[in-house]
Amino acid sequence: MIDRAQVLHVARLARLRLEEDELERMAGELSGILDHVDRIAELSLDDVEPTSHVVELENVLRPDEPRPSWPREVVLAPAPDPADGAFRVPSPQAE
Amino acid sequence: MSAELRQLGVAEASRRVAAGELAAAEYAEAWRAAAAEDELNAFLWRAENASGGSEGPLAGVPVAVKDIFCIEGVPTTAGSRILESYAPPYTSTAVRRLREAGAGVLGKTNMDEFAMGSSNENSAFGPVLNPWDLGRVPGGSSGGSAAVVAGGLAPCAIGTDTGGSIRQPAALCGIVGLKPTYGAISRYGMIAFASSLDQCGPLTRDVTDAALLLAAMQGWDRCDSTSIGIEGGIGAPRREDLVGLRFGVPAELAADSVDAGVRAVFEATLGRIEELGGEIAEVSLPHAEHGISAYYVIAPAEASSNLARYDGVRYGMRAPDAGDLIEMYEETRAQGFGTEVKRRIMLGTYALSSGYYDAYYGQAQKVRTKIAADFDTAFGEIDFVVTPTSPSVAFNLGEKTADPLAMYMNDFFTVPMSLAGIPAISIPAGLAEPEGGGTRLPVGFQIAAPAFAEQRLLEAAFALEQAIGFAQRPGGGGDGG
C-alpha cells in the first residue's frame, strides 16, 4: 500500500538516505504497519475533538525577562565544525 | 560487607547516611564495585565517584540513570551512534532534583535507541541481557535500568516511559516500575522521543523506593511548560489492606492475547486483591484495543519532528565528505540512526505529510480523546484499572526482531495509559513458565489510577506488594525455579 516512489518521497522529506535494499524492505514493513494502523480509519469519530495534549494546561506563560544564555564557547564545544564563532556546514547545492 | 550494604533498601540506606551511621562514600563504593562487574551490557558509562551527599531523603544513594537524561559533562548517547561522543552542557531537572535530595549518579544505562523499542535490542551499543536468563531480553526501552536493579548492580534507577518503556522492562525483570501522570516530572534535559507521551519514572526493588524517588523528582519546573507536579507531594505508602477499593478489569484488554502463565499469575493476583478486601469488577474501555494503532501513529509522528534536530550541524555525529548540505543531512542520519529509528521516522513523516495528516495523525488524536474519555468514565465506577503489564514473560533475544508489529504488540496493555496521560505502576506478582517451557520468569501486574492520584496508587500497590511477598531473585535465590 505504500510503494517505492512514496518511500523515496518520504525519505527525502525526512532527510534520510536509504540504500536500495532498505527501500524495498522499508516499503514492505511500513505497509504492514499501516495496514494495522488503518483500523482506526474505520472508526466514526467525526464529532470528536482531537487531543494534542492530555493535561489541562493552556498558554503557559512566564514574564518576558531577559536572562543570560550560555556562553558561545559552551554551545560550540560539541560542534563538529565550529568556525568564526559559528557552525560551519557544507554549502547547499548550487541552484 | 559490601554485599550486606547492597541488601539495604534505599529508604534504610539513606536514613543511615543522614543519621551518620553509614558513610555515603562507603555505600557508594559497594555499588561502584558491583556495577564494575556488569555482565549484562547494562551500563554505557560508570562514574568513578558515585557518592551522594550526607543529607536529604536520598542521602548517599547512587542512582543508575537511563542514558536519555542529560548530565553536564557526562557522555549521553540515547543508545545511538549519532550521539556517540556527545556530552551535554547541562543537567536534566530529574537528575538535578535527585542530587539535591542527596543522591549520587552510579552510571548511565543502556537503552533502545531514542527510547524506541520493547526489548533493548535496538541499542547501537548491543543488547542488554536479562539477569534472570542471559539468553533473554530485559524488555525496553529502559532495559538497562531494569536489568541493573534486578541484577543487583544498582539500588535503584530512573528511566522513561512513552508507551510502556518503564513498566514493561520492570515486569520482565521482576521489579517495580512507575510511569507517573504526564506532567508530574519535568522533561527538561530528557532527550525527546514523543513529547506528548514521554515521562520520567523510577525503577526500583519495591514500591517504597519508587515513592521516594518520585517524591524527589516530581514538581513544576520553569524549564518545562508541560510540567505541573503533584499537589500535596508524595509520602511513604503505608496501607495494609484494600478494603473499600474497587479494581476494574477491562473487558477489551482481554486474556486471549496473553500467555497462559501470565494469565494464571494475573488471576491469582486478582484473588489476592479480594483477600485484602478489594473488590474486582469488569469495566469497559471500548477504544483501548485501538491504543497500539493510535500510538504507532502519534509517537512516530512526534519522533519524526523531535529527531529532525540530529542533522550533523550543531552536535553529535556528522558524516564526513558527504557533499552538499542536504547530502550531509541525509548521509549523517543514514549512518547515525539504527533501523528501528529510521522506520519510525519514516512512519511519522508519512503520517504527517500533506494529504495524509488528517487520515492518520488527526484520526489518531481523536482515538486518543476517546481512550482518555473511556478511562474517565471507568474511574467513575472504580478506583483502579488492572491488567497484566506484558502479554508474555521475557522472550528470547532475536525472537521478535523480524516482525516490527510483533514487537509493537508488547505494548498492548501499557499504551492506553500513556495516551490518556494517567499514572500506572507495574509490580512483580509471581513467576511463570514461558510458552514452550523453561525456567520460570517474572510476571508484572499493572495498576493504573486517575491523573495525579499517585499517592492512592502507591498505597494500593504497597498493600498488594506486601501480600504477594515476591522475594525471588535472578539465579535461583529464594524460589529455586
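For the reader, a short list of remarks on this structure follows.
- The mean accessible area for residues of chain B, using a 1.4 Å probe and ignoring ligands and nucleic acids, is 31 Å² per residue.
- Expected 222 nm ellipticity per residue - DSSP helices of 4 or more, -39500 (n - 2.57), all of the protein assembly as shown, to 500: -10000 deg cm²/dmol
- D_trans [Stokes-Einstein, Kirkwood Rh over alpha-carbon pairs] for the protein assembly as shown, 20 °C, 1.002 mPa s, µm² s⁻¹: 90
- Distance from the Cα centroid of the range B:2-32 to that of the range B:48-90 is 20 Å (rounded to whole angstrom).
- Protection-proxy order for peptides A:28-35, B:294-301, B:431-438, each taking the mean of Cβ atoms within 10 Å per residue, highest first: B:294-301, A:28-35, B:431-438
- If only the Cβ of Lys and Arg carry +1 and only the Cβ of Asp and Glu carry -1, the dipole of the range B:1-137 around its Cα centre is close to 320 debye.
- Volume per residue of the convex hull around the Cα atoms, evaluated for the range B:354-481, comes out as 137 Å³.
- One decimal place: the segment B:S2-B:R246 gains 83.5 nm when fully extended, by the rule 0.36 nm per residue minus the C-alpha distance.
- The range B:286-366, relative contact order in percent, only Cα pairs under 8 angstrom and at least six apart counted: 42
- Computed from point charges on the beta carbon alone (+1 for Lys and Arg, -1 for Asp and Glu), the dipole magnitude for the protein assembly as shown about its Cα centre is near 1220 Debye.
- Burial ranking of peptide ranges B:217-227, B:191-201, B:317-327 (average Cβ count within 10 Å, highest at the top): B:191-201, B:217-227, B:317-327
- Value of relative contact order over the range B:203-312, rounded to a whole percent, pairs C-alpha under 8 Å and six or more apart: 24
- Degrees, to the nearest 10: A:20-37 long Cα axis against longest axis of chain A: 70
- Peptides ranked, highest mean first, by Cβ atoms within 10 Å: ranges B:81-91, B:276-286, B:448-458: B:448-458, B:81-91, B:276-286
- Partners for B:K66 among aspartates and glutamates (Cα-Cα distance below 14 Å; same-chain residues under 8 apart left out): B:D112, B:E113, B:D161, B:D198
- The mean number of partner chain beta-carbon atoms within 10 angstrom of a residue's beta-carbon across peptide B:368-379 is 2.
- Here is the size of chain A from its Cα atoms: Rg then Dmax, 22.4, 57 Å.
- Spatial separation of Cα centroids for the range B:106-179 and the range B:316-361, in angstrom: 26
- Neighbouring Cβ atoms from other chains, within 10 Å of the Cβ of residues in A:53-60, number 6 on average.
- Counting Cβ atoms of other protein chains within 10 Å of each residue's Cβ and taking the mean over peptide A:76-82 gives 5.
- Share of carbon and sulfur in the accessible area of chain B stands at 47%, probe radius 1.4 Å.
- Qualifying GluC sites (Glu not before Pro) in the range B:11-56, where qualification requires a DSSP coil assignment and no more than 11 other C-beta atoms within 10 Å, comprise B:E21, B:E37, B:E39, B:E48.
- Span per principal axis, largest first, for the Cα atoms of the range B:341-386 (Å): 41, 23, 7
- Volume of the Cα convex hull of chain B, divided per residue and given in Å³: 134
- Positive dipole terminus of chain A, leading residue within A:S69, A:A27, A:S52 (C-beta point charges): A:S69
- Per residue solvent-accessible surface (Å²) - chain A, probe of 1.4 Å: 72
- Here is the size of the range B:190-248 from its Cα atoms: Rg then Dmax, 14.5, 41 Å.
- Cross-link table B:K179/B:K400; B:K108/B:K370; B:K108/B:K400, entries beyond 30 Å C-alpha to C-alpha: B:K108/B:K370
- Förster radius 22 Å - calculated FRET efficiency between B:E381 and A:D35 (Cβ-Cβ, nearest 0.05): 0.05
- Here is the tail figure for the range B:80-201: Cα pairs spaced more than 21 Å apart come to 35 percent of all pairs.
- Shape call, the range A:39-95: gyration tensor on alpha carbons, a/c limit 1.5: oblate
- Cα centroid separation, the range B:443-472 to the range A:1-55 (Å): 37
- Taken over the range B:1-92, the alpha-carbon convex hull comes to 103 cubic angstrom per residue.
- In this assembly, the B-A interface accounts for approximately 5200 Å² of buried accessible surface in total, computed with a 1.4 Å probe and without ligands, DNA or RNA.
- The mean sequence separation of alpha-carbon pairs under 8 Å and at least six residues apart, normalised by the residue count of the range B:327-481, gives a relative contact order of 21 percent.
- Within the protein assembly as shown, percent of DSSP bridges classed antiparallel, to nearest 5: 70
- With the simple spin-label model, which puts each label point 7 Å out from Cα in the Cβ direction, the A:L13 to B:A23 separation comes to 6.1 nm.
- Choice from A:A83, A:A11, A:A41 showing the highest fluctuation, given a GNM over chain A with Cα pairs closer than 10 Å: A:A83
The values are calculated or read from the model by the stated rules, or taken from the named source; none is laboratory data. As the structure is a computational prediction, the values presented were derived from the model and not from experiment. All Cβ positions, glycine included, derive from the backbone under ideal geometry; neighbour counts span all protein chains shown. The accessibility values were calculated without ligands, DNA or RNA, using every heavy atom of the protein model including side chains. Shrake-Rupley method; radii C 1.70, N 1.55, O 1.52, S 1.80 Å.
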